[in-house]
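A.B. asks: My questions will all concern the structure given below.
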There are 2 protein chains.
Amino acid sequence: MAASAPPDLHLETRCINVIRGLAIDAVQKANSGHPGMPMGAAPMAHALWTRHLRHNPRNPKWFNRDRFILSAGHGSMLLYALLHLTGYDLSLNDLKQFRQFGSRTPGHPENVATPGVEMATGPLGQGVSTAVGMAIAEAHLAAVFNRPDFPIVDHYTYGICSDGDLMEGIAQEACSLAGHLRLGKLIFLYDDNNITIDGRTDLAYTEDVTKKFEALGWQVLACDGMDIEAVDRCLTEAKANTERPTLIRARTIIGFGSPNRADTSKAHGEPLGADEVRLTKQALGLPEDEFYAPDEVVGYYRGAITDGGVAESGWIDLLSRYAQAFPDEAVRFHKALAGDVSEAVAALPTLSDKVATRAASGVMVNAVAPHLTGFLGGGADLTGNVNVVQKDGGVFSATNRAGRTIHYGVREHAMMAAVNGITLHGAARGFGGTFLIFSDYCKPSVRLAALMETPSIFVFTHDSIGLGEDGPTHQPVEQIAGLRAIPNLNVFRPADGHETAAAWKVALESKHTPTALILSRQALPCITPAFEGSHPAELGGYILRDVENPEVVLVGSGSELQLALAAADQMELRARVVSLPSWLLFERQDAEYRESVLPKGVPTVSVEAASTFGWGRYAQAHVGLDRFGASAPGDVNFRELGITAEAVVAAAKSLL
Amino acid sequence: MAASAPPDLHLETRCINVIRGLAIDAVQKANSGHPGMPMGAAPMAHALWTRHLRHNPRNPKWFNRDRFILSAGHGSMLLYALLHLTGYDLSLNDLKQFRQFGSRTPGHPENVATPGVEMATGPLGQGVSTAVGMAIAEAHLAAVFNRPDFPIVDHYTYGICSDGDLMEGIAQEACSLAGHLRLGKLIFLYDDNNITIDGRTDLAYTEDVTKKFEALGWQVLACDGMDIEAVDRCLTEAKANTERPTLIRARTIIGFGSPNRADTSKAHGEPLGADEVRLTKQALGLPEDEFYAPDEVVGYYRGAITDGGVAESGWIDLLSRYAQAFPDEAVRFHKALAGDVSEAVAALPTLSDKVATRAASGVMVNAVAPHLTGFLGGGADLTGNVNVVQKDGGVFSATNRAGRTIHYGVREHAMMAAVNGITLHGAARGFGGTFLIFSDYCKPSVRLAALMETPSIFVFTHDSIGLGEDGPTHQPVEQIAGLRAIPNLNVFRPADGHETAAAWKVALESKHTPTALILSRQALPCITPAFEGSHPAELGGYILRDVENPEVVLVGSGSELQLALAAADQMELRARVVSLPSWLLFERQDAEYRESVLPKGVPTVSVEAASTFGWGRYAQAHVGLDRFGASAPGDVNFRELGITAEAVVAAAKSLL
């Protein structure tokens, strides 16, 4: 088809072809990557970025920008080309470093690497689902802050997704939720190219996508994705419908322009090769120059800088008039923008009752709620059980955008992605809760939060065989270990109400590290020092009870810390008891402190009602659970499965 | 509504009420559980079990039985009541032990605990998705073995699912796949009761379920689920349509019969309480007796024994006539039934080339394929990359049921559940492949395989930063640790072609333990002893290279074993090198052997391009990766991130 391209191409067509050229050159130079998607999706991206997307390349963090999510993250060069061309701090040299160690242009987009990238994408479905969270945050903040004639929060959330995204379960959960919540300012362009890695999409995917999305409550539009006018019209129509999210099925040709690879799976995931690059450039009317970006094209795209500056200036002006008209709201708004949690943290109470840590967590949520704007929590149909409800917050819904509790339905994976989206959005803080066992259902979103350095808060309750009769399908064993192994995830398992307050303090104050709170179903006695604004648990680990010249150290977390204390009481050895609720925080302390708590050379026993996997780092003997649990009352489980003070005593003896 | 129940109830109504009575009594006695679902779903279950389900209570493993999956596993008492009443080896005393330690009636169904339970359910969506695998196995085996007038493989796969099941992403993946594959003998009753734990379903779930399932290619029927005649008619219609799977939307009333709790979320997850139990029994016309099961009701249900015996006898007769008409096929069929893998294992080749272990795995798959009936593999749109294709096996599809490679689409979670279903079905063996990073997307299915003691084979490739340029979103770090922590999962990370053969041998011969193969993207030199029918790697760990009186032990797995060898060459210390591809197998060896390989007291260094989490069990110093990876060529990553022979040498020195 390229052969029929007119010789005198319209400037916008030349713009699009420059994007294609940059993409194929970068992939060719890196000798790896995905050229086909940018080549096919360049027209729709061009239409969106030049005619609709409101953003400011000079301030990628401008709060009221439209969000753009490239859910099909393998097409990263499309995004990098647009960022470069529209004037973000991403140079042509950066593009030439595509997929090289330490560059700003990694293989899949990463928000921590590249200005203008909203989130890390690549694991399919995450982009779509995180975008839902961003749209939730926008709708909520608009309801909270906007006043007639003062739409200070007012933007769209756009994305480009692939068939791979839409096949993933997480995206189906998220799209069902978005339809239910009627997130009308969420707009996805579906790069409908009929090609997957394995071959034609119909090898595995023959559902009626339009009918399905209509069933989910979406507006579905369709167009020729290679025609920027058609895409433009669909985007206009999508924006006009604020009652329903919109999916635009944009029919595209993967690898467009490549004479021998267009419309085949060969175009998807490998360089075109030098010969085909040459032929493709010929077909697209591009010169052979690598990384060709002529001034007229750059100039055309750089209009975004002017437009963005005007847009942001207008918003700043609006904001200052807002501050005059609504001074209190403006203060709250700026605090939310700054992520100021000081008042919230100051409100954390001293909770000395015998309570389940999940209940203690609920107390903390409700204590901080009045002091946190944009605090949006929810549960996956266990909202009450996991204690994430803000009692005075109302329910966020299609008809009540000011509500702060979200009923996510039985959609754990999409929930935690939405939590990430809410938190990434800014001026909002997302948290979500489910049983710890179901952390398995949402682990990719938890990991992505850690990779994105986003301080999401994941509430995981019913954290052991203590959950009792629901049995081994519902009892976590290896989940804590699996979560602890994730880099930059703060897994915090408090032992009582005081440590739960400390956990929430750390979680709220975190700027770059997500927190997974690991909470008990069953009530736990209060055994640690009173939380009064601070607590030693914030160090990750500390000596709870000491003796002179300890012969043995007993280290535990959560509900088993009481067993360590009881064992110390029972045994004849001089035993120190250490509380270690957070390995990550403990390992951030200096070596001297760590050694002062867990001295080398003193025999150490760990106790935790979970897999002993990983505890070899701190202890030489372990009381734990290296098998599946059982359906029985929780106390029976502890006894029958050998998680007892007596077992701790025996383990200590075995070391000496 | 219970007040309007006629005084002289029809026998079948009395039968249904007896199920309800058993469920509420068991939950009341256990003081925990889910009475509402059995009370509402008893009529549809009754209709299915007495009028359609072909099964033999005296032989729960009869091969040609219809499969029944209670995907809504929290309604376990419905299943237990039916198993008891129809004559399975599950006594009234067993029902009285509901949710007690070690009983045959755990809180959620477990195939390993209870005769007649096909799989463990409870984690929502797993039942639906595993059932899809069972239906795939049936369709495939029927195509392979059936001959005109000899339908030796011919059964339906039934299930009961809840709205919670259908909200889960995994189920949406599975249902999309089932529609695509036109699995016409898959029939699900949807217990459409409008209630979830959080309250009314419309709090979170307002999609048009009928329209959606039609879009997925299903037949959708609807009826009053409280009317057994209506359910019966739908089941008949569902069975008649063998072109499409069927969803029967059966409108039910949760907690039916309970005057004060019916149709509320209070009926879902807690005992009714003594008073309400009494009122409910009155309303249902039941006496107050606990665990009431009168002879006429038991007798009615026990007809299943006679019917089942007749059905199985008829099948055995068919099978013996089949053996006369098709003796070769009959031999193959019986081998498949027995799970005989001896010929397949004997066909595993000696592969001494420098190859990626993913490629070596592909060689093994194709070597054993001709010797394994029902060997059904597939990939999640990376089918070629993960080397799961049986080159002469064809593609399993709606039009080619004899095909052995399944294109699962980008649906990792449903894929691995289907792998479990294929394997649980019997006479078939399922395996599925994706990148190791995406083990996170399917972990709940992997865990369930381990809990169900099902020898599924999970192929996870691209196992480290060695995958290179795709970057940290695609590079596993903590995944190996997370998988190793799962009880009863054999995580096997071979170092070369020889160990890959050993891995497949162990995986194929396993009867009760699933295997996760962890395979490299990049080519690896051949460094371990030749596989010639056996290999020391089958012990999990072994001495690869020894010295007299080792001063240090270097232990590694997979692609890093070569670094341990190189380090041993480079260092001045006397170093033993240990290959440890499978911790699970190694820990199944006796203490003497383990000590002979990894002696206590000798400083030990681990090397693995993954999180060091867990390695404290075996080593005191570690070369590994406790951060996210990077987008760069694989060899650059190893160098820049410090996974090198030099680092191993330095770590060894640090210990001395």
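The values are calculated or read from the model by the stated rules, or taken from the named source; none is laboratory data. As the structure is a prediction and not an experimental result, all values here were calculated from the model. Methodologically, a virtual Cβ is constructed for each residue, glycine included, from the backbone with ideal geometry; neighbour enumeration extends over all protein chains shown. Remember, those area values only see protein heavy atoms, side chains included, never the ligands or the DNA or RNA. Shrake-Rupley method; radii C 1.70, N 1.55, O 1.52, S 1.80 Å.
A.B. asks: Taking the label point as lying 7 angstrom from Cα along the Cα-to-Cβ axis, what are the distances from residue A:61 to the corresponding position in the remaining copies, in ascending order and in nanometres?
C.D. replies: The answer, with the shortest distance listed first, is 6.3 nm.
A.B. asks: Expressed as a whole number of Å, what is the distance separating the alpha-carbon centroids of region A:630-656 and region B:368-390?
C.D. replies: About 44 Å separates the Cα centre of region B:368-390 from the one of region A:630-656.
A.B. asks: About the Cα centre of chain B, what is the dipole size in debye to 20, counting +1 per Lys and Arg Cβ and -1 per Asp and Glu Cβ, all else neutral?
C.D. replies: 420
A.B. asks: What is the spin-label model distance, in nm, from residue B:548 to residue A:91 if the labels are put 7 Å beyond Cα along the C-beta direction?
C.D. replies: Reported label-point gap for residue B:548 and residue A:91 is 6.2 nm.
A.B. asks: If a/c stays under 1.5 just call it rounded; otherwise compare a/b with b/c (prolate if a/b is bigger, oblate if not). Do that for region A:429-499, with a ≥ b ≥ c from the square roots of the Cα gyration tensor eigenvalues.
C.D. replies: Note, shape of region A:429-499 comes out prolate.
A.B. asks: Provide the per-residue ³J(HN,Hα) series for region A:372-377, in order, calculated from phi with Karplus coefficients 6.51, -1.76, 1.60 and θ = phi - 60°, each as a whole number of Hz, with x at glycine and proline positions.
C.D. replies: 10, 6, x, 8, 10, x
A.B. asks: Next question, about the same structure. Set the Förster distance to 56 Å, then compute FRET efficiency between residue B:282 and residue A:595 from the Cβ-Cβ distance, nearest 0.05. Walk me through the numbers on the way to the answer.
C.D. replies: On the way: r = 69 Å, r/R0 = 1.23.
Calculated value: 0.25.
A.B. asks: Kindly provide the helix-only [θ] at 222 nm of chain B, computed as the sum of -39,500 (n - 2.57) over DSSP H runs of four or more divided by all residues, to the nearest 500 deg cm²/dmol?
C.D. replies: -12500 deg cm²/dmol
A.B. asks: What are the ³J(HN,Hα) couplings of region A:482-493, residue after residue, when phi is run through the Karplus curve with 6.51, -1.76, 1.60 and θ = phi - 60°? Round to Hz, x for glycine and proline.
C.D. replies: Once θ is set to phi - 60°, the couplings for region A:482-493 become x, 6, 4, 6, 6, x, 6, 10, 8, 8, 10, 10 Hz.
A.B. asks: Considering the Cα trace of the protein assembly as shown, what is its radius of gyration and what is Dmax, both in angstroms?
C.D. replies: Computed over the Cα atoms of the protein assembly as shown, radius of gyration and Dmax are 30.4, 94 Å.
A.B. asks: Relative contact order for chain B: what percent, with Cα pairs under 8 Å and sequence separation of 6 or more?
C.D. replies: Computed over chain B, the figure is 12 percent.
A.B. asks: Another one. Please compute the modelled spin-label separation between residue B:227 and residue B:331, points set 7 Å along Cα→Cβ, answer in nm with one decimal.
C.D. replies: According to this spin-label approximation, the distance is 5.6 nm.
A.B. asks: Let me ask you something else. Going by the alpha-carbon gyration tensor, a ≥ b ≥ c the square roots of its eigenvalues, is region A:342-524 rounded (a/c under 1.5) or, if a/c is not under 1.5, prolate (a/b greater than b/c) versus oblate?
C.D. replies: rounded
A.B. asks: Follow-up question, since we're still on this one. Please compute the average number of Cβ atoms from other chains found within 10 Å of each residue's Cβ in peptide B:200-211. All intermediate terms of the calculation are to be shown ahead of the outcome.
C.D. replies: Working: counts 1, 2, 2, 8, 16, 8, 9, 13, 7, 1, 1, 6.
Across B:200-211, the average partner-chain Cβ count within 10 Å equals 6.
A.B. asks: Below 11 angstrom from the Cβ of residue B:118, what's the summed charge of the other residues (Lys, Arg +1; Asp, Glu -1)?
C.D. replies: Numbers: positive: B:61, B:65, B:67; negative: B:66, B:110.
Net charge in that neighbourhood comes out at +1.
A.B. asks: Now for a separate question. Is the shape of region A:204-326 rounded, prolate or oblate, going by the alpha carbon gyration tensor and its root eigenvalues a ≥ b ≥ c, with a/c under 1.5 for rounded and a/b larger than b/c for prolate?
C.D. replies: Verdict is oblate for region A:204-326.
A.B. asks: I need the peptides A:283-290, B:227-234, B:176-183, A:74-81 ranked by packing, meaning the mean over residues of other C-beta atoms within 10 angstrom, with the highest value on top.
C.D. replies: Listed from highest to lowest mean packing, they are A:74-81, B:176-183, B:227-234, A:283-290.
A.B. asks: Right, here's the next one. Placing a label point 7 Å from Cα toward Cβ, how far apart in nm is residue A:222 from its equivalents in the other copies, listed shortest first to one decimal?
C.D. replies: Taking the point 7 Å beyond Cα along Cα→Cβ, the inter-copy spacings are 2.5 nm.
A.B. asks: Next up: Give the residue from B:273, B:186, B:651 lying farthest towards the positive end of the charge dipole for chain B; charges sit on Cβ (+1 for Lys and Arg, -1 for Asp and Glu) and the dipole is referred to the Cα centre.
C.D. replies: B:186
A.B. asks: Quote the total accessible area buried by chains A and B together, excluding ligands, DNA and RNA, probe 1.4 Å, nearest 100 Å².
C.D. replies: 7600
A.B. asks: Looking at chain A, do any whole DSSP H helices span at least 24 angstrom along their long axis by alpha carbon and average -1.0 or above on Kyte-Doolittle, and which?
C.D. replies: Counting only whole DSSP H runs, the qualifying helices are A:11-30, A:126-145, A:295-325.
A.B. asks: Next up: Sequence-distant or interchain residues sharing an amide H contact under 5 Å with residue B:189, placed H: which?
C.D. replies: B:159, B:160, B:161, B:248
A.B. asks: Can you pull the mean other chain C-beta count within 10 Å for peptide A:160-173? Each step should come with its number before you reach the end.
C.D. replies: Values: counts 0, 0, 1, 3, 5, 1, 2, 12, 12, 17, 6, 4, 11, 6.
The mean count of partner-chain Cβ atoms within 10 Å per residue comes to 6.
A.B. asks: Would you calculate the separation in nanometres between label points at residue A:321 and residue A:398, each defined as 7 Å from the Cα along the Cα-to-beta-carbon direction?
C.D. replies: 3.4
A.B. asks: Setting aside same-chain residues fewer than 8 positions from residue B:505, which lysines have a Cα under 28 Å from its Cα?
C.D. replies: Within the straight-line limit of under 28 Å, residue B:505 reaches these lysines: B:61, B:335, B:354, B:391, B:443.
A.B. asks: Shortest first and in nm to one decimal, what separations exist between residue B:236 and its copies in the other chains, measuring from label points 7 Å along the Cα-to-beta-carbon line?
C.D. replies: 5.7
A.B. asks: How big is the dipole moment of the protein assembly as shown about its Cα centre under a simple scheme where the beta carbon of each Lys and Arg is +1, that of each Asp and Glu is -1, and everything else is neutral? Debye, nearest 20, please. Provide the component values of the computation, followed by the final result.
C.D. replies: Values: 110 positive and 148 negative charges, 39 e Å.
Its charge dipole is roughly 180 debye.
A.B. asks: If you don't mind, another one. Can you work out the PRE-style zone for residue A:291? Point 7 Å along Cα to Cβ, and I want the residues of region A:92-109 with backbone N under 15 Å.
C.D. replies: Answer for region A:92-109: A:92-101, A:103-106.
A.B. asks: Hey, another quick one. Compute log10 of I(q)/I(0) for chain B with the Debye formula, placing one identical point scatterer on every Cα and leaving out solvent, at q = 0.06, 0.07, 0.08, 0.12 Å⁻¹, to two decimals.
C.D. replies: -0.37, -0.50, -0.64, -1.17
A.B. asks: Once Lys and Arg get +1 and Asp and Glu get -1 on their Cβ, which of A:331, A:230, A:582 lies farthest toward the positive end of the dipole of chain A?
C.D. replies: A:331
A.B. asks: Return one whole number: the accessible area per residue of chain A in Å², for a 1.4 Å probe.
C.D. replies: Per residue, chain A has an accessible area of 30 Å².
A.B. asks: Could you sort B:525-533, B:91-99 so that the peptide with the highest average Cβ count within 10 Å comes first and the rest follow in order?
C.D. replies: Details: B:525-533: 17.2, B:91-99: 18.9.
Going by the mean number of other Cβ atoms within 10 Å, highest first, we get B:91-99, B:525-533.
A.B. asks: Then there is this: What is the distance in Å between the Cα centres of region A:206-271 and region B:185-250?
C.D. replies: Value for the Cα centre distance between the two parts: 31 Å.
A.B. asks: Can you compute 3J(HN,Hα) from phi for each residue in region B:383-389, using the Karplus curve 6.51 cos²θ - 1.76 cosθ + 1.60 with θ = phi - 60°, rounded to whole Hz and x for Gly and Pro?
C.D. replies: So the Karplus estimates, Gly and Pro as x, are 4, x, 4, 9, 6, 10, 7 Hz.
A.B. asks: Among the lysines, select those whose C-alpha is under 22 Å from the C-alpha of residue A:600, and discard any that sit fewer than 8 residues away in the same chain.
C.D. replies: Partners within reach: A:653, B:600, B:653.
A.B. asks: When the dipole is taken about the Cα centre of region A:538-655, and only Lys, Arg (+1) and Asp, Glu (-1) are charged at their Cβ, what size is it in debye, to the nearest 20?
C.D. replies: Roughly 200 debye for region A:538-655.
A.B. asks: I've got another one for you. What lysines does residue A:185 reach when the alpha-carbon gap must be under 18 Å and sequence neighbours fewer than 8 apart in one chain are set aside?
C.D. replies: A:239
A.B. asks: Give the average, rounded to an integer, of partner chain Cβ atoms located within 10 angstrom of each Cβ in B:439-447. Don't jump to the answer; show the numbers that get you there.
C.D. replies: Details: counts 2, 11, 10, 2, 8, 8, 1, 1, 8.
Mean number of neighbouring Cβ atoms from other chains: 6.
A.B. asks: A further question follows. Round to the nearest 0.05 the FRET efficiency obtained for residue B:147 and residue B:350 when R0 = 41 Å and r is the Cβ-Cβ distance.
C.D. replies: On the way: r = 38 Å, r/R0 = 0.93.
For R0 = 41 Å, the calculated efficiency reads 0.60.
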